[in-house]
Amino acid sequence: MRKSFKLGTETPASRTPSEDERRWEDETLIPSLKKSPERKESFTTLSGVPINRLYTSADLAGLDYERELGDPGRYPYTRGIHETMYRGRLWTMRQFSGFGTPEDTNRRLHYLLEQGQTGLSIAFDLPTLMGYDSDHLLAEGEVGKCGVAVSSLADMETLVAGLPLEHVTTSMTINSPAAMIWAMYLVAAEKQGANWKKVSGTIQNDILKEYIAQKEYIFPPAPSMRLVVDTITFGAREVPHWNPISISGYHIREAGSTAVQELAFTLRDGIEYVEWVIRAGMAVDEFAPRLSFFFNSHNDLFEEVAKYRAARKVWARAMKERFGATNPRSWLCRFHTQTAGCSLTAQQPYNNVIRTTIQALAAVLGGTQSLHTNSLDEAWALPTEQAVTLALRTQQVLAHESGVANTADPLGGSYFVERLTLATERACYEYFDRIDALGGMVAAIERGFPQKEIHDAAYAYQKAVDRKEEIIVGVNDFVTEEKRPIELLVIDESVAARQREKLAKLRRERDNAWAKGALEALASAAASDQNLMPVILDCVRAYATLGEMCDVLRRVFGTYEEPAFR
Amino acid sequence: MTERPIRVLVAKPGLDGHDRGAKIVARALRDAGMEVIYSGLRQTPEQIAVAALQEDVDAVGISILSGAHNTIVPRILGLLRGQGQEHVLVVVGGIIPDEDIAELKKAGVAEVFQPGASMQQIVEFIRDHAKEPA
């Protein structure tokens, strides 16, 4: 018995086979199955969605093209946000990069631009992500390890030295202290003589997925959401080409979610931000065009493509119907994609090049606006220059040699992909209903709902790997004895020592009365309900450090501990 | 007389928030019949040692993915020794390069589980080696 999902928002149900299909099953399929049975009882996507043996035109009977798909550049944007897609302009090739001192990362950024990369993306180290300076006790052993250490405007100035900030777009993966790091970037741009009205880039600034998955949170949800709202409204007025948030499913997937959970939790996070900003008094069309998204791309190519197509459609509908946005730019789900770090294996690392290629292809077939391809050595360490160059070349081969960028939404109309897109959309709405019933995403997070859903999916997947129901080439099958064949990037403790020296000098030489006054102003602003961006910018100009600013806010806002894991 | 189940502290030191592995291992150990205490995120070596003593555990599993293991793990081992818990089995899991393993074992780590280790391997190792006389 063939099972399939009904179209649109109806419930999953089995479909009665047509005359033709029944004849095919009797005359062709059944004799063939007798001769050579299928490899498995049932087939599913990587996320466990059941997949039929075959999809036919009957699966799409009654599909309303205008309603469910629309041409590229037209609502509901299932087929892409631009009319010409990559025929007009290729996606932005944006490799995430950051390690060691600001000097080290500055050199890598210049190198990547010289290699033909078209946008920058900066990774910060764990102390920076947690709002601690490099000389804090808790920073010990972590400075410069997972990203670049940035403790003050001085570090930011070094990081972007020689980069034309009016012309290059920079994405910064920073969340809890996003307002402070963004302020540092804006002041560094100001000092270069760049006009904020022309400066463009992205801060991740997505605190909800930190509580859900990535877990680099500092403050409790309410004041954290206030910081997000302050940056969005400040950006809408002062830095109009900046994306003040990148609503991220990437980390949700890395924490072990299914594709549907990644999609649903991310878009529901987006809805939550929109609600909070509207409540703060800004009209939806004033800020919604600058909201951006960030998705993962895992190994199951068709599942990923269906996810991106469903994402555009669900978001467009939410903006238009749930929030009444009338500016078409508010309806667009513009997104960055990164290939799945969690799919990379430490064993046989060259296999990772193949995985990354498949994942990058999925992102391009899914219509991404920008893309990061992981390097083959990233199950072990941050990538070497050689490894990151190969990852960038992977994108360039896809763009210029494979032909996949020649037409918009090349998989549109595929019986399978359309059916999977509809099923993904339907499952996404089911999660929306459950989260709405819990009182919204902040309430759901406080009850541990998305966290538990993700953990259950991650555990189920790991059990399937242990039982070899899921095969990971080189890990639980096709295993070979090997000596690690690749060179790795090593960040030593001298980075921490250099950062500590620079901070000591900064604290000695800056105008300390100015810094102290600015921090006091931050404390009283935080206790009021005024927008915090202007006072944070003043602190940054006075060379108050990231840790000093975050300490002030820790005192006013308190800190967050997640619900206990049981 | 039934023997007390093996008690394990799954500890997450350092600033890193990647807890997928720690929580999966905690659940696998629990499903295997052990009593598991999960420390929660961002515990200092001191907090981990205090928890190990208070909970009277037989084993401590340290999950660390950030590259800070060479700084953090020896400190936890020193604190455990200092409070008379040298008998406690200490294992480490995470992104640990091959060349760091010998040094960690010299410091007293019983086993290091690198990426790709199965839950079964970890469960079996702890079952076989916890509560052994030091």
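Descriptive notes on the structure:
- Cβ-Cβ distances below 6 Å connect the following pairs, each with a first residue in the range A:447-462 that is in contact (Cβ under 8 Å) with a residue 12 or more places away in the chain and among the small types (Gly, Ala, Ser), a second residue that is crowded, with 21+ Cβ neighbours inside 10 Å and outside any helix (DSSP H, G or I), and a separation of six or more residues or different chains: A:Ala457/A:Gly256; A:Ala457/A:Ser257; A:Ala457/A:Thr258; A:Ala458/A:Gly256.
- A:Thr368 touching a residue at least 12 places away in the same chain (Cβ under 8 Å) and surrounded by fewer than 19 Cβ atoms within 10 Å (Cβ to Cβ): no
- Residue list for the range A:449-489, filter: aliphatic (A, V, I, L, M), assigned to a helix (DSSP H, G or I) and more than 9 Å from chain B (Cβ to nearest Cβ): A:Ala457, A:Ala460, A:Ala464
- Neighbours by Cβ (under 9 Å, 6+ apart or cross-chain): first from the range A:174-202, more than 14 Å from A:Phe124 (Cβ to Cβ); second of a type in the set (Asp, Glu) and assigned to a loop (DSSP other than H, G, I, E, B): A:Ala189/A:Glu166; A:Gln192/A:Glu166; A:Gly193/A:Glu166; A:Ala194/A:Glu166; A:Asn195/A:Glu166; A:Lys198/A:Glu166; A:Val199/A:Glu166; A:Ser200/A:Glu166
- So A:Asn327, is it in the same structural domain as A:Ala379 (by TED's automatic domain parsing), surrounded by fewer than 24 Cβ atoms within 10 Å (Cβ to Cβ) and over 19 Å from A:Tyr461 (Cβ atoms): yes
- A residue that is part of a helix (DSSP H, G or I) and touching a Leu at 6+ places or on another chain (Cβ under 6 Å) occurs nowhere in the range A:429-438.
- Where a residue in the range A:540-562 is within 14 Å of chain B (Cβ to nearest Cβ) and its partner, wherever it lies, is basic (Lys, Arg), with Cβ under 7 Å and at least six apart: none
- Lone unmet requirement of (1) touching a residue at least 40 places away in the same chain (Cβ under 8 Å); (2) closer than 22 Å to B:Gly67 by Cα; (3) buried (at least 24 other Cβ atoms within 10 Å of the Cβ) for A:Asp125: (1)
- Screening A:Glu520 against (1) within 14 Å of chain B (Cβ to nearest Cβ); (2) assigned to a helix (DSSP H, G or I); (3) surrounded by fewer than 16 Cβ atoms within 10 Å (Cβ to Cβ) leaves a single unmet condition, (1).
- Hey, B:Glu99 surrounded by fewer than 17 Cβ atoms within 10 Å (Cβ to Cβ), more than 24 Å from B:Asp56 (Cα to Cα) and touching a residue at least 12 places away in the same chain (Cβ under 8 Å) or not: no
- Taken together, the residues in the range A:110-152 that are part of a strand (DSSP E or B), within 14 Å of chain B (Cβ to nearest Cβ) and either touching a Leu at 6+ places or on another chain (Cβ under 6 Å) or over 17 Å from A:Gln95 (Cβ atoms) (or both) amount to 0.
- When the range A:285-300 is filtered for residues that are assigned to a helix (DSSP H, G or I) and surrounded by fewer than 20 Cβ atoms within 10 Å (Cβ to Cβ), the ones remaining, listed by number, are A:Asp285, A:Glu286.
- Here A:Ala387 passes the criteria (1) in contact with a strand residue (DSSP E or B) (Cβ under 6 Å, 6 or more places away or on another chain); (2) hydrophobic (A, V, I, L, M, F, W, C); (3) in a helix (DSSP H, G or I) except the one numbered (1).
- Residues located in the range A:213-225, provided they are more than 11 Å from chain B (Cβ to nearest Cβ) and either touching a Phe, Trp or Tyr at 6+ places or on another chain (Cβ under 8 Å) or under 17 Å from A:Asp551 (Cα atoms) (or both): A:Phe219, A:Pro220, A:Pro221, A:Pro223, A:Ser224, A:Met225
The values are calculated or read from the model by the stated rules, or taken from the named source; none is laboratory data. All figures in this text were calculated on a predicted structure; none of them were measured in a lab. Glycine also receives a Cβ, built like all others from the backbone with ideal geometry; neighbour counts cover every protein chain displayed.
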